[in-house]
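Asker: Pasting a structure below so you can have a look.
The values are calculated or read from the model by the stated rules, or taken from the named source; none is laboratory data. Quick caveat: nothing in here was measured; it's all calculated off a predicted structure. No Cβ is skipped: glycine too gets one built from the backbone with ideal geometry, and neighbour counts run over all protein chains shown.
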Amino acid sequence: MSFGSMPLGNGFRHNDDKSEEFCYLMETAVCSECSTFQLVDQPSPNQMFHGEYAFFSGTSERMKQHFLEFYNQVKKEISQTDPFVIEIGCNDGILIKHFAKNGIQHLGIDPSANVVKRAKENGINTIESFFSTKTANHILEKYRKSDVILAANVICHIPTINDIALGISHLLSKNGIFVFEEPYLGDVLEKITYDQIYDEHTFLFSVHSISEIFKRAGLEIFRVEHQWTHGGSMRYWLSHKGSRSIEESVGYFLNKEDQLAMNKIETYKTFKKSCENHKYKFLDLLQNIRKEGKRIVGYGATSKSTTILNYCGIGNDLIEFIADTTPIKHGKVTPGTAIPIRPHKEFSMDYPDYAILFAYNHATEIMNKEEDFIKSGGKWITYVPEVQIL
Ligand code: TMP
């Protein structure tokens, strides 16, 4: 399936940047062996993750709470007296900082210099690196085997997935656990959230695909848990084969995926049609509002919205600006569509008639914070699970 020419999801540019914008052809396919939904082609990792990486995990209060709960749950599973915890792609330390604060030996790994700097400022022992079997060997030389390896919204970013699986298996202690969570393919297909498809998401996983991929490295899933984050995610719990008993949740989701026919090509043909319908409905709604002379502003300049804006062909003629809390995005424009991004305070300075909730995964938090917008007569527009004015 092709979504056409696409810039980088996090490729926010300075508004006076006149250089040619990097774009690639965004096409997806499903592997016939491991049933993993994936990008056919992908920009190089150095293009996507660098010293000006625009995403900081700690921007949402609800996400901070989510990661605190994640920490508490993992901690309950640790039986070792002196555990060693590693997080792959620790970003600004939103999860691993809880282990650090509680005096647990830990190590964060992240390839983006600016977020590593923030993690170190947060008191986290961090190295600036991509994760690979080579990194695993380096950690083994300098430290020891790890009892808990964690990752959140990271593994789906790494094209060398088989090498990652081997590295994790090598680094994980005999009774250790590897726990990670990622946007879930089942939700993408059910809610038509095709905005989960962008350059950084090499893969969109299912329980079937994770099981197949990690089996090759001697690891198996013993528990899965559905999460509300990122519009629907799955947390996967893995261990060395045979070291834990497999819980009911695994069979439950494997069955559910079979019922959703997630390994059948027809499912993806229907998905393609649904994406096209979604595009025309969304564009139609915004064009009609603008014809009435009303103002539309976006809320949350997410990487996901790069796919929506470019695939639907929505630009500055329809959306005046996008309000966002992330300082690094202010004064920049959206990738490919050049919509200005402004501090979220400007949203309440002059409320628009309509606001598109691009950060729909933070809907509760944002709508509570911006309740005066509704009082001013404004209306929210969402496009998940369907295009509608709320
Ligand atoms: P995410 O969907 O990848 O988590 O990105 C959320 C974006 O939305 C990020 O750029 C920060 C922004 N945001 C706000 O502007 N206000 C908010 O209250 C929240 C939670 C996020």
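Asker: Could you go through the stretch 123-138 and let me know if any residue there is over 17 Å from VAL85 (Cβ atoms) and in contact (Cβ under 8 Å) with a residue 40 or more places away in the chain.
Answerer: Looking for residues that are over 17 Å from VAL85 (Cβ atoms) and in contact (Cβ under 8 Å) with a residue 40 or more places away in the chain, one finds at least one in the stretch 123-138, hence yes.
Asker: Hey, another quick one. Can you tell me which of ALA165, ALA119, ALA151 is at pLDDT below 95, small (Gly, Ala, Ser) and under 27 Å from SER303 (Cα atoms)?
Answerer: ALA119
Asker: Starting from residues that are more than 9 Å from the ligand (Cβ to nearest atom) and β-branched (Val, Ile, Thr), keep the ones in the stretch 349-371 and report whichever is nearest to TYR194 (Cα to Cα).
Answerer: Once the filter is applied, the top-ranked residue is ILE356.
Asker: Name the single residue, out of those in the stretch 84-129 being assigned to a loop (DSSP other than H, G, I, E, B) and of a type in the set (Ser, Thr, Tyr), that is surrounded by the fewest Cβ atoms within 10 Å (Cβ to Cβ).
Answerer: Residues of the stretch 84-129 assigned to a loop (DSSP other than H, G, I, E, B): 89-96, 102-104, 111-112, 122-125, 129.
Pick out the ones that are also of a type in the set (Ser, Thr, Tyr) and you get 112, 129.
Working: SER112: 22, SER129: 15.
Among those that are assigned to a loop (DSSP other than H, G, I, E, B) and of a type in the set (Ser, Thr, Tyr), it is SER129.
Asker: Among the residues of the stretch 130-160, count how many are of a type outside the set (D, E, K, R), part of a loop (DSSP other than H, G, I, E, B) and on the phi < 0 side of the Ramachandran plot.
Answerer: Count: 8.
Asker: Something else about it: Looking at (1) in contact (Cβ under 8 Å) with a residue 12 or more places away in the chain; (2) surrounded by fewer than 18 Cβ atoms within 10 Å (Cβ to Cβ); (3) in a loop (DSSP other than H, G, I, E, B), which one does THR81 not meet, given that it meets all the others?
Answerer: That leaves (1) as the condition not met.
Asker: All but one of (1) at pLDDT 90 or above; (2) of a type outside the set (Asp, Glu); (3) within 22 Å of the chain's Cα centre (by Cα) hold for HIS50; which doesn't?
Answerer: Evaluating HIS50 over (1) at pLDDT 90 or above; (2) of a type outside the set (Asp, Glu); (3) within 22 Å of the chain's Cα centre (by Cα) leaves (1) as the failure.
Asker: Continuing with this model, one more query. Is it the case, given these coordinates, that GLU52 is within 16 Å of the ligand (Cβ to nearest atom) and either in a loop (DSSP other than H, G, I, E, B) or among the aliphatic types (A, V, I, L, M) (or both)? Before the answer, list the steps.
Answerer: Values: within 16 Å of the ligand (Cβ to nearest atom): yes; either in a loop (DSSP other than H, G, I, E, B) or among the aliphatic types (A, V, I, L, M) (or both): yes.
When the stated conditions are applied, GLU52 passes them.
Asker: SER32 - would you say it is loosely packed, with under 13 Cβ neighbours inside 10 Å, modelled with pLDDT of 90 or more and either hydroxyl-bearing (Ser, Thr, Tyr) or within 16 Å of the ligand (Cβ to nearest atom) (or both)?
Answerer: Spelling it out, it is not the case that SER32 is loosely packed, with under 13 Cβ neighbours inside 10 Å, modelled with pLDDT of 90 or more and either hydroxyl-bearing (Ser, Thr, Tyr) or within 16 Å of the ligand (Cβ to nearest atom) (or both).
Asker: Across the stretch 321-333, which residue is nearest to the ligand (Cβ to nearest atom) among those that are over 23 Å from GLU365 (Cα atoms) and not hydrophobic (A, V, I, L, M, F, W, C)?
Answerer: Selected residue: LYS332.
Asker: Which of (1) touching a residue at least 60 places away in the same chain (Cβ under 8 Å); (2) surrounded by fewer than 23 Cβ atoms within 10 Å (Cβ to Cβ) does THR160 not meet, given it meets every other one?
Answerer: (1)
Asker: Which members of the stretch 330-358 meet the condition of being over 27 Å from LYS375 (Cα atoms) and in contact (Cβ under 8 Å) with a residue 40 or more places away in the chain? Before the answer, list the steps.
Answerer: Residues of the stretch 330-358 that are over 27 Å from LYS375 (Cα atoms), as a first pass: 331-338.
Listed by number, the residues that qualify are GLY331, LYS332, VAL333, THR334, PRO335, GLY336, ALA338.
Asker: Examine the stretch 180-192 for a residue that is of a type in the set (Lys, Arg) and in a helix (DSSP H, G or I), and state whether such a residue exists. Before the answer, list the steps.
Answerer: At the first step, the residues of the stretch 180-192 found to be of a type in the set (Lys, Arg) are 191.
Narrowing the set further to residues that are in a helix (DSSP H, G or I) leaves 191.
Checked against the condition, which is being of a type in the set (Lys, Arg) and in a helix (DSSP H, G or I), the stretch 180-192 yields at least one hit.
Asker: Additional query: Does the stretch 103-118 contain at least one residue that is of a type in the set (A, V, I, L, M) and within 16 Å of the ligand (Cβ to nearest atom)?
Answerer: Yes; the residues of the stretch 103-118 include at least one that is of a type in the set (A, V, I, L, M) and within 16 Å of the ligand (Cβ to nearest atom).
Asker: Moving to a separate point now. Here are some residues: LEU8, LEU68. Which one is among the aliphatic types (A, V, I, L, M), touching a residue at least 24 places away in the same chain (Cβ under 8 Å) and buried (at least 17 other Cβ atoms within 10 Å of the Cβ)?
Answerer: LEU8
Asker: Can you name every residue in the stretch 285-313 that is under 19 Å from GLY231 (Cβ atoms) and over 18 Å from the mean Cα position of the chain (by Cα)?
Answerer: GLY298, ASN310, TYR311, CYS312
Asker: Further question on the same structure: I'd like to check something: does the stretch 251-259 contain any residue that is farther than 30 Å from ILE356 by Cβ and in contact with a Lys or Arg (Cβ under 6 Å, 6 or more places away or on another chain)?
Answerer: No - not one qualifying residue is present in the stretch 251-259.
Asker: Just give me the residues in the stretch 372-389 being within 21 Å of GLN196 (Cβ to Cβ) and more than 14 Å from the ligand (Cβ to nearest atom), in sequence order.
Answerer: If the condition is that a residue be within 21 Å of GLN196 (Cβ to Cβ) and more than 14 Å from the ligand (Cβ to nearest atom), then ILE381, PRO385, GLU386, VAL387, GLN388 are the ones that fit.
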